[in-house]
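*Asks:* Below you will find the structure I want to go over with you.
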Amino acid sequence: GESVGLHLPTLSVQEGDNSIINCAYSNSASDYFIWYKQESGKGPQFIIDIRSNMDKRQGQRVTVLLNKTVKHLSLQIAATQPGDSAVYFCAETPDSSYKLIFGSGTRLLVRP
Amino acid sequence: DAGVIQSPRHEVTEMGQEVTLRCKPISGHDYLFWYRQTMMRGLELLIYFNNNVPIDDSGMPEDRFSAKMPNASFSTLKIQPSEPRDSAVYFCASSTGTENTGELFFGEGSRLTVL
């Protein structure tokens with residue numbers, strides 16, 4: 001599959017532990033944020049989104065936190081599983097259009 | 001639904017040749033996006049369409065790149081002439097354009113290698 005990036009920051013966690021992946025965004029005008037997961041050889045897959053009028057949103061085993069003051073976004077994965085191993089991207093819409101701008105990604109490795 | 005379908009999955013060509021990448025979006029989706037992914041630049045939006053009309057092509061690198069959407073079920077991205085620096089994975093994605101504007105459905109990509 002496609003090697004997304006040799007220089008990606010990597011987070012290594014033990015199976016069963018919680019994972020926290022962080023993302024800093026630059027445009028204070030962005031009002032909508034999304035997390036995507038990309039497995040090797042596949043296209044990105046939507047995980048969860050959050051609008052700027054919220055601080056937190058929960059899904060199944062995942063939580064997204066938004067701190068607009070410091071322009072920071074995080075993705076928390078509970079009870080990390082081997083299938084969670086992938087590259088995770090945050091994305092933003094800087095101008096309320098349908099134009100998603102993706103961050104550089106973080107590789108998550110889950111140790112058995 | 002079969003999801004977004006892209007072809008070819010892999011293409012190897014020589015510099016100067018024309019390359020055409022194809023995409024079939026999910027039926028009923030009004031938005032279609034073309035992204036390029038490289039190790040150096042990550043995921044870049046090239047162009048997107050709404051109801052077959054190009055809305056924003058500001059990400060298209062240069063005149064060698066062109067994209068069309070002749071109907072709601074088909075889009076092409078063409079590179080002519082191709083150059084080695086065009087080597088990348090090209091993704092097509094589609095979305096409904098409703099409340100969840102960020103939920104794009106990506107195809108599996110077309111990996112292009114230009115020698």
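Coordinate-derived values only; no laboratory data. All figures in this text were calculated on a predicted structure; none of them were measured in a lab. For neighbour counting, all protein chains shown are included, and Cβ atoms are generated from backbone atoms with ideal geometry for every residue, glycine included.
*Asks:* Assign unit charges at the C-beta atoms only (+1 for Lys and Arg, -1 for Asp and Glu), then state the dipole size of chain B relative to its Cα centre in Debye, rounded to the nearest 20.
*Replies:* Value, rounded to 20: 240 debye.
*Asks:* Largest first and in whole Å, what are the equivalent-ellipsoid semi-axes of chain A based on the Cα gyration tensor, each being the root of 5 times an eigenvalue?
*Replies:* 23, 16, 12
*Asks:* Over chain B, with a Gaussian network built from C-alpha contacts below 10 Å, which listed residue (B:GLU103, B:GLU62, B:GLU14) shows the highest mean-square fluctuation?
*Replies:* Evaluated over chain B, the most mobile residue of the options is B:GLU62.
*Asks:* Starting from the Cα of B:GLU18, step 7 Å along the direction of its Cβ; do the same at A:SER40; then give the gap between the two resulting points in nm.
*Replies:* For the pair B:GLU18/A:SER40, the computed spacing is 3.7 nm.
*Asks:* I've got another one for you. Run the Debye formula on the Cα coordinates of chain B, all scatterers equal and no solvent, and tell me log10 I(q)/I(0) at q = 0.09, 0.21, 0.22 1/Å.
*Replies:* -0.21, -1.14, -1.25
*Asks:* Something else: Between B:ASP63 and B:SER87, what FRET efficiency follows from the Cβ-Cβ distance if R0 is 30 Å, with the result rounded to 0.05?
*Replies:* Efficiency, from the Cβ-Cβ distance: 0.95.
*Asks:* Turning to a different aspect of this structure: Mind telling me which of B:ASP86, B:ASP63, B:ASP30 comes out most flexible in a GNM of chain B, alpha-carbon contacts under 10 Å?
*Replies:* It is B:ASP63.
*Asks:* Going by Cα centres, region A:35-79 and region B:57-82 are how many Å apart?
*Replies:* Here the two parts' Cα centres lie 31 Å apart.
*Asks:* Where in region B:19-48 does the amide nitrogen come within less than 17 Å of the point 7 Å from the Cα of B:ILE5, taken along Cα to Cβ?
*Replies:* The answer is B:21-29.
*Asks:* Cross-link list A:LYS42/B:LYS24; A:LYS37/B:LYS68; A:LYS71/A:LYS99; A:LYS42/A:LYS71; A:LYS42/B:LYS68; A:LYS37/A:LYS68: which exceed 26 angstrom alpha carbon to alpha carbon?
*Replies:* A:LYS37/B:LYS68; A:LYS42/A:LYS71
*Asks:* Over 10 Å intervals from 0, what percent of Cα-Cα pairs in region A:55-98 sits in each interval?
*Replies:* Percent of Cα pairs in each bin: 21, 49, 26, 4.
*Asks:* Next up: What is the distance, in nm, between label points placed 7 Å from the Cα along the Cα-to-Cβ direction at A:SER12 and at A:ASN67?
*Replies:* It works out to 2.6 nm between the two label points.
*Asks:* Rg/Rh for the protein assembly as shown: what does it come to with C-alpha atoms and Rh from Kirkwood? Intermediate results must be reported in sequence, preceding the final value.
*Replies:* Working: Rg = 17.5 Å, Rh = 18.1 Å.
With Rh from the inverse mean 1/r over Cα pairs, Rg/Rh is 0.97.
*Asks:* Among B:ARG85, B:ARG22, B:ARG41, whose mean-square fluctuation peaks in a Gaussian network model of chain B (Cα, cutoff 10 Å)?
*Replies:* Highest fluctuation among the options: B:ARG41.
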